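The values are calculated or read from the model by the stated rules, or taken from the named source; none is laboratory data. It should be emphasised that the depicted structure is a prediction, and the values quoted were computed from it without experimental measurement. No Cβ is skipped: glycine too gets one built from the backbone with ideal geometry, and neighbour counts run over all protein chains shown. Only protein heavy atoms, including side chains, enter the accessible area calculation; ligands, DNA and RNA are left aside. Shrake-Rupley method; radii C 1.70, N 1.55, O 1.52, S 1.80 Å.
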Amino acid sequence: MANTAAKEAASDGLQDRVVSISRVAKVVKGGRRFSFSALVVVGDGKSKVGFGVGKAGEVPDAIKKASEQAKKSMISVPQVKGTLPYEVDGRFGASQVRMYPAKAGKGVIAGGAVRMIVELAGLHDIVCKVHGSKNHHNVVRATVDGLKQLRTAAQIAKIRDMDVSNIQQMRHESSQTETK
């Protein structure tokens, strides 16, 4: 099993990490039927990341299903020098994940599921804080929600029908007035 996962990761350049595995039960007439649910995060370590949930009678099958779903739901994460272009909040359910850009050399300051996602997305310097529910599923979805909101300066300039230099100039002017 481990060898096949390593071969798959080497063939398409994707890494996958299991966030959580839980045993779930379905109550039927004769008692309980147990199966396993797996939450998996997949990324290329450069700019793409995705997550998936799989459920099966055995753990390896659940992980495989989740990993296949994660590969289908991958998103691209814009980066500026290994960090976020600006701070962002992601929300899902009762979870809120706040992500802040950090200076070079700061490293990844994030806990649990958020750390896995940002590392697989290729972010090297970032500070994150989870507020509200710490449920793995909600935290993963909130983090991905926050990363989906990110845009590059070029994308924002295109939406606003402006030049990229004007967008960057506006950002620097607003940050200087806040510090005064």
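Brief remarks on what is shown
- Nearest-ten-degree value, helix 59-72 long axis tilted from longest Cα axis of the chain: 30 degrees
- Relative to the longest principal axis of the Cα atoms of the chain, the long axis of helix 164-179 makes an angle of roughly 90 degrees.
- Dipole of the range 1-134, positive end: most advanced residue of S73, G112, S133 [Cβ charges, Cα centre]: S133
- Over the range 45-107, volume per residue of the alpha carbon convex hull, in Å³: 126 Å³
- Around the Cα centre of the chain, unit charges on the Cβ atoms of Lys, Arg, Asp and Glu (plus for the first two, minus for the last two) sum to a dipole of about 700 debye.
- Two-decimal ratio, the chain, of alpha-carbon radius of gyration to 2.2 N^0.38 Å: 1.21
- Taking the longest Cα principal axis of the chain as reference, the axis of helix 136-148 is set at about 30 degrees.
- Too-long pairs where the Cα-Cα distance tops 27 Å, listed order kept, from K26/K129; K46/K103; K46/K72; K55/K81: K26/K129; K55/K81
- Highest mean packing first, where packing is the average number of other Cβ atoms within 10 Å per residue, the peptides 137-146, 89-98 line up as 137-146, 89-98.
- Gaussian network model of the chain, springs between alpha carbon atoms under 10 Å - residue of V130, V164, V88 with greatest fluctuation: V164
- Mean accessible surface per residue for the chain, computed with a 1.4 Å probe while every protein chain stays in place, in Å²: 60 Å²
- Dividing the summed helix terms, -39500 (n - 2.57) for each DSSP H run of n ≥ 4, by the number of residues in the chain produces a 222 nm estimate of -12000 deg cm²/dmol to the nearest 500.
- Radius, Kirkwood style, for the range 87-145 when every pair of distinct Cα atoms is counted (Å): 11.1 Å
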